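Colleague: Dropping the structure in here first, questions after.
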Amino acid sequence: MATATRKKSLLITGATGSLGGELVARYYSEYRVFAHGRNADKLLRLKMRYPRIELVLGDLRAPGIRDAVRQANLVIHTAAQKYVNLAERHCFYTVDTNVNCTFELADLAARHGVEQFVFISTDKSSFPTNVYGITKYLAERLILELVEVYPQTKFVICRFGNIFGSNGSVVQLWLDATRRQQPIQVTDPEMTRFMFSLEEAVEAVHFAVTHGRSGDIIIPKMKSVSLRDLMQLFHNSRIEVIGRRPGEKVHETLYVQGEISTGYETEKYYVLNPHDTTRLHLRDLNSAECERVSVKTLRHWLEQLQRRAA
Ligand SMILES: NC(=O)c1ccc[n+]([C@@H]2O[C@H](COP(=O)([O-])OP(=O)(O)OC[C@H]3O[C@@H](n4cnc5c(N)ncnc54)[C@H](OP(=O)(O)O)[C@@H]3O)[C@@H](O)[C@H]2O)c1
C-alpha cells in the first residue's frame with residue numbers, strides 16, 4: 001500500500017515583507033509553511049490568501065519562532081531592519097536585529113537539526129559604508145563561521161541588490177508622493193543601484209535552496225539602474241533634488257576584490273565559497289560599470305507592481 005509522504009516544513013522569517021510574502025506564494029504547495037512576522041494584521045491577511053500556512057507572530061526571539069524552528073527542515077531568514085537611514089540613527093536596534101538575532105536563529109536552527117538555513121543578504125554588505133551594510137556583512141561572516149561548527153546544516157547566503165518596488169524602495173516612495181501630488185525627492189540622479197524584479201529575487205533564493213552548498217554566497221549577475229532612468233517613469237512629477245544621505249554610496253558593489261575569490265559561476269550567478277578550490281578571477285562588480293536595465297523593462301516592472309497592488 002502506498003504511504004503518503006509528509007511535506008517538509010519551511011519557516012520563512014519576515015513573511016509579511018515584500019520578499020517573504022512572495023516566498024510564501026512560491027513554496028505554499030510544496031512545503032508546510034510557517035510564516036513569521038511582527039504585524040498581526042499583515043499575517044492575518046497572508047493567511048486569508050494562503051489558508052494552510054501556520055502563523056508565527058512576534059519578534060525574532062518570540063517563543064513561537066523557537067517552536068517553528070524545531071519543526072522546520074528549511075529556514076529562509078528574510079526578516080531584517082533594512083532601512084539605511086533608520087539604521088544610521090538606530091544603530092543598536094539594527095545591530096541587534098540583523099546581527100544578534102540572525103546569529104541566534106542560525107545557531108538555534110543548527111542545534112535543532114534544520115537541514116538548510118538560507119540567509120538573505122545585500123550588496124550593501126560588500127565594502128560597507130553604512131550601519132545597515134556593516135550589520136549584513138557581520139551576519140554573513142557569522143553564518144560562514146557556523147559552517148565550520150555545524151557540518152550537518154547547510155548554510156547558504158544569498159546576496160543581491162535592490163528589488164524593484166519592494167517596501168520602502170525609492171519607487172514606492174515616489175508612487176506615494178505622486179498620489180499625494182507632492183514632488184518626488186531624488187537624492188542624486190547620477191546614483192546607480194543594482195536592480196531586479198521580485199520574481200528574479202525569488203528565483204535567486206530558489207537557486208540557493210536547490211543548488212546551495214554550505215558556505216556558498218550566491219550573487220546574481222544583476223544589471224543596474226540610474227536614478228535618472230527611474231525618473232523617466234515619473235516624467236509628469238515635479239522633482240526635488242535633496243542630495244545624498246549619510247552612509248549612501250553613489251554606486252554600489254556586489255563584490256569587491258579582496259573578498260572570497262574561490263567558487264564557480266553559472267549563466268545567472270556567481271557562487272563564492274571559501275572551501276572551493278577553483279579560483280573565480282572576479283573583478284569588482286560595480287553598479288556604474290555593468291549593463292543597465294532598459295527603461296522599457298522598468299516600465300514593465302512598474303506595471304507588474306501596480307497589478308499586484310490592485
Ligand atoms: N528589498 C530590497 O531591495 C532588498 C535588497 C537586498 C536585500 N534585501 C534583504 O531581503 C530581506 C527582505 O527584504 P524586504 O524588502 O522583503 O523587507 P521588508 O518588506 O521590509 O520586510 C521585512 C520583514 O522583516 C520583518 N522585520 C523587520 N524587523 C524585524 C524585527 N526586529 N524582528 C522581526 N521581524 C522583523 C518585517 O516585519 P513587519 O512586517 O512586522 O515589519 C517584515 O516581515 C531583508 O533581509 C533585506 O535586507 C532586500
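Colleague: Loop-only check: which GluC sites (Glu not before Pro) in the stretch 204-306 are DSSP coil with at most 13 other Cβ within 10 angstrom?
Modeller: Answer by residue number: E267, E289, E291.
Colleague: Further, regarding this structure: Taking springs between alpha-carbon atoms closer than 10 angstrom, which of A62, A79, A109 fluctuates most in the Gaussian network model of the chain?
Modeller: A62
Colleague: Where does helix 170-179 land angle-wise versus the long Cα axis of the chain, in degrees 0 to 90, nearest 10?
Modeller: That helix lies at roughly 60 degrees to the long axis.
Colleague: Quick check on the stretch 80-309: of the DSSP beta bridges with both residues there, what percent are antiparallel, nearest 5%?
Modeller: Antiparallel: roughly 45 percent of the beta bridges in the stretch 80-309.
Colleague: Leaving out same-chain residues fewer than 8 places away, which lysines sit with a Cα under 23 Å from that of K296?
Modeller: K221, K223, K268
Colleague: Using alpha-carbon pairs under 8 Å, 6+ residues apart, how would you state the relative contact order of the chain in percent?
Modeller: Relative contact order for the chain comes out at 15 percent.
Colleague: While we're looking at this one, here's another question. Is the stretch 23-162 best put as rounded, prolate or oblate by its Cα gyration tensor, with a ≥ b ≥ c the root eigenvalues, rounded for a/c under 1.5, and otherwise prolate when a/b is larger than b/c, oblate when not?
Modeller: Cα axes put the stretch 23-162 in the oblate bin.
Colleague: A further question follows. Any idea what angle helix 295-309 forms with the longest principal axis of the chain, computed on alpha-carbon atoms, 0 to 90 degrees, nearest 10?
Modeller: That works out to roughly 60 degrees.
Colleague: I would also like to ask the following. Between R141 and R213, what's the calculated FRET efficiency when r is the beta-carbon distance and R0 is 22 Å? Round to 0.05.
Modeller: The value I calculate is 0.80.
Colleague: Follow-up question, since we're still on this one. Give me the lysines in straight-line cross-link reach of K8: C-alpha distance below 27 Å, same-chain residues under 8 apart excluded.
Modeller: Within the straight-line limit of under 27 Å, K8 reaches these lysines: K42, K47, K154.
Colleague: Please list 3J(HN,Hα) in residue order for the stretch 66-75, calculated via the Karplus relation 6.51 cos²θ - 1.76 cosθ + 1.60 where θ = phi - 60°; whole Hz, with x for glycine and proline.
Modeller: 5, 5, 5, 4, 4, 9, 8, 8, 9, 10
Colleague: Here's a follow-up. If you average the C-alpha positions of the stretch 111-163 and of the stretch 76-97 separately, how far apart do those two centres end up, in angstrom?
Modeller: Each part reduced to its Cα centre gives a spacing of 14 Å.
Colleague: Calculate the FRET efficiency for A309 and T277 from the Cβ-Cβ distance with a Förster distance of 45 Å, rounded to the nearest 0.05.
Modeller: Using R0 = 45 Å, I get an efficiency of 0.45.
Colleague: Relative to the longest principal axis of the C-alpha atoms of the chain, give the angle of the C-alpha long axis of helix 131-149, reported between 0 and 90° and rounded to the nearest 10°.
Modeller: 20 degrees
Colleague: Could I ask something else about it? With a cap of 11 neighbouring Cβ atoms within 10 Å, and only residues DSSP puts in a loop, list the trypsin sites (Lys or Arg not before Pro) found in the stretch 1-48.
Modeller: Answer in residue order: R6.
Colleague: Given a Förster radius of 45 Å and the C-beta distance between R52 and E104 as r, what FRET efficiency does 1/(1 + (r/R0)^6) yield to the nearest 0.05?
Modeller: 0.95
Colleague: So which residue, out of T135, T266, T78, gets the largest mean-square fluctuation from a GNM of the chain using Cα contacts under 10 Å as springs?
Modeller: Maximum among the listed residues: T266.
Colleague: Taking the Cα-to-Cβ direction at E148 and at I242 and moving 7 Å from each Cα, how far apart do the two end points lie in nm?
Modeller: 4.3 nm
Colleague: Under a GNM of the chain (C-alpha, springs under 10 Å), which listed residue has the highest mean-square fluctuation: D229, D216, D176?
Modeller: D176
Colleague: Can you list the GluC sites (Glu not before Pro) in the stretch 134-202 that are in a DSSP coil and have 15 or fewer other beta carbons within 10 angstrom?
Modeller: Answer by residue number: E190.
Colleague: When the chain is fully extended, how far beyond the present Cα-Cα distance does Q182 get from D41, taking 0.36 nm per residue of separation?
Modeller: 47.9 nm
Colleague: While we're on this one: Per-residue ellipticity at 222 nm for the chain, helices alone: DSSP H runs ≥ 4 residues times -39500 (n - 2.57), over residue total, nearest 500 deg cm²/dmol?
Modeller: Computed mean residue ellipticity for the chain: -11000 deg cm²/dmol.
Colleague: Can you report the principal axis dimensions of the chain using only the alpha carbons, biggest first, rounded to whole angstrom?
Modeller: Computed over the chain, the largest-to-smallest principal extents equal 65, 48, 42 Å.
Colleague: If I model a spin label as a point 7 Å beyond the Cα along the Cα-Cβ vector, how far apart are those points for L86 and E289 in nm?
Modeller: 3.4 nm
No lab work stands behind these numbers, since they all come straight from the coordinates. The shown structure was predicted, so the numbers you read here are calculated from the model rather than taken from an experiment. Cβ: placed from backbone, ideal geometry, glycine included. Neighbour counts: every protein chain shown.
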